[in-house]
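Remarks on the structure that follows.
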Amino acid sequence: MDSLKSLHTFALAADCSQVKTINSVDSLIRCLKAFKGDSCANNYLVLGEGSNTVFVDDYPYLVLLNRIRGIELSENTKEYYMSVGAGENWHQLVKFCVEKNIGGFENLALIPGTVGAAPIQNIGAYGVEIEQFIDKVEFLDTTTLSIHSLTKQECEFAYRDSVFKRQSLNSRIITRVFFRLPKQHQLTTNYGPLAKLLSPSISEIYKAVINIRQSKLPNVNILGNAGSFFKNPLVTKAHFSSLQNKYSDMVSYPADKEHVKVPAAWLIDKLGFKGKQIGDIACHINQPLVLVNLGKGKGSDLLALAREIRNSVQKEFDITLENEVRLMGNQGLIAL
């Protein structure tokens, strides 16, 4: 058995049967070919940096660490094109672009995880979502062991969602992501604290985002966590209006013609969950959207606290919170 504690940022104690590191598409195919002879051939998990996966129990199967790297950059008069290995660190890619004064990713600085995880989750922050810059996503079809790709439209991106997130767990493994970034890039500074910046550069936005995130979010190297545990829910405008009659300070952000986005942190904070603790699992004292491992947390306590938060929000606001993180148990994915 191999330990998973250092392979997911929530750092709960958990073991798996074996960990293998994958450095290329060829090594991934070879590994899966060998594994297909196993009677439990569907019981394996591909993991990036474990920033959006929490092992709440032992996972008694194979874990493949995606470390397929490489950044290829080209350009024409209007756009930059990048082909990036799925195992590259996301923040390091952002830094790479900022240092070359290539705009687009600066609002997404310091988001943990790998490039391959970015389209699955359609990561976003401070008014920008990664779908804006994705050209196509390359993946391995694990049934045929052949490489294919999906265009931006075929990825069916939505808020913290994509076709990859809705597929069965091991049907496609992302190997490379292709980006297009316009040279005439429109900086996004109308969201939250960035609105205070006056005519900022790409680098200044990048630095501001890092400072904001570091001031609000706990360092995973000090306090185990997986970032935002819940998605910000979408509610109908009529529902939001009725809630505002009771909670005049309730805030929202535009979503579409019929819905608004309500900050999950506001809902959780309003119910007094900041600092709430079950065992060594707690709701962070400064950012209630983040659940943390105080050192000796257990998966059962994490599930208990997350379910208590979800049920309380449902009862008080008639809003259903969905977990943003992927919860893994001894039989695979766990639903709250």
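The values are calculated or read from the model by the stated rules, or taken from the named source; none is laboratory data. Keep in mind that what you see is a predicted model, and the values were worked out from it rather than measured. Every residue, glycine among them, receives a Cβ derived from its backbone with ideal geometry; neighbour counts consider all protein chains shown.
Is there any pair with a first residue in the stretch 238-249 that is free of Cβ contacts under 8 Å to residues at least 24 places away in the same chain and a second that is aliphatic (A, V, I, L, M) whose Cβ atoms are under 7 Å apart and which are 6 or more apart or on different chains, and what are they?
Phe240/Val260; Phe240/Val262; Gln244/Met250
I want to confirm something. Restricting to the stretch 147-186 and keeping residues that are of a type in the set (Phe, Trp, Tyr), over 23 Å from Glu99 (Cα atoms) and in contact (Cβ under 8 Å) with a residue 40 or more places away in the chain, which single residue is surrounded by the fewest Cβ atoms within 10 Å (Cβ to Cβ)?
It comes out as Tyr159.
Quick one: in the stretch 72-97, of everything that is without any contact (Cβ under 8 Å) to a residue 40 or more places away in the chain and closer than 19 Å to Thr21 by Cβ, which residue is surrounded by the fewest Cβ atoms within 10 Å (Cβ to Cβ)?
So the residue we want is Gln92.
Exactly one condition in (1) over 15 Å from Phe178 (Cβ atoms); (2) buried (at least 23 other Cβ atoms within 10 Å of the Cβ); (3) not basic (Lys, Arg) is false for Thr142; which is it?
(2)
Which of the residues spanning the stretch 296-336 are assigned to a loop (DSSP other than H, G, I, E, B) and among the charged types (D, E, K, R)?
The answer is Lys296, Lys298, Asp318, Glu322, Glu324.
Does the stretch 48-58 contain at least one residue that is in contact with a helix residue (DSSP H, G or I) (Cβ under 7 Å, 6 or more places away or on another chain), closer than 15 Å to Ile174 by Cβ and either buried (at least 21 other Cβ atoms within 10 Å of the Cβ) or not aliphatic (A, V, I, L, M) (or both)?
Looking through the stretch 48-58, at least one residue is in contact with a helix residue (DSSP H, G or I) (Cβ under 7 Å, 6 or more places away or on another chain), closer than 15 Å to Ile174 by Cβ and either buried (at least 21 other Cβ atoms within 10 Å of the Cβ) or not aliphatic (A, V, I, L, M) (or both).
Filtering the stretch 187-231 down to residues that are buried (at least 18 other Cβ atoms within 10 Å of the Cβ) and small (Gly, Ala, Ser), which residue is farthest from Lys274 (Cα to Cα)?
The selected residue is Ala208.
Got a sec? Which of Phe133, Phe105, Phe96 is in contact with a Cys (Cβ under 6 Å, 6 or more places away or on another chain) and closer than 23 Å to Ile202 by Cα?
After ruling out the rest, the residue left standing is Phe105.
Being free of Cβ contacts under 8 Å to residues at least 40 places away in the same chain and buried (at least 21 other Cβ atoms within 10 Å of the Cβ): is that true of Ile120 here?
no
Could you look through the stretch 272-295, keep only residues that are within 21 Å of the chain's Cα centre (by Cα) and part of a loop (DSSP other than H, G, I, E, B), and pick out the one that is farthest from Phe229 (Cα to Cα)?
Asn286
Go through the stretch 114-138 and count every residue that is part of a loop (DSSP other than H, G, I, E, B), modelled with pLDDT of 95 or more and small (Gly, Ala, Ser).
1
Residues being over 18 Å from Leu217 (Cα atoms) and either over 19 Å from the mean Cα position of the chain (by Cα) or of a type in the set (D, E, K, R) (or both): count how many of those fall in the stretch 256-266.
So the count comes out to 6.
Tell me the residue from Gln277, Gln287, Gln314 that is at pLDDT below 95 and either on the phi < 0 side of the Ramachandran plot or not aliphatic (A, V, I, L, M) (or both), please.
Of Gln277, Gln287, Gln314, the one residue that is at pLDDT below 95 and either on the phi < 0 side of the Ramachandran plot or not aliphatic (A, V, I, L, M) (or both) is Gln287.
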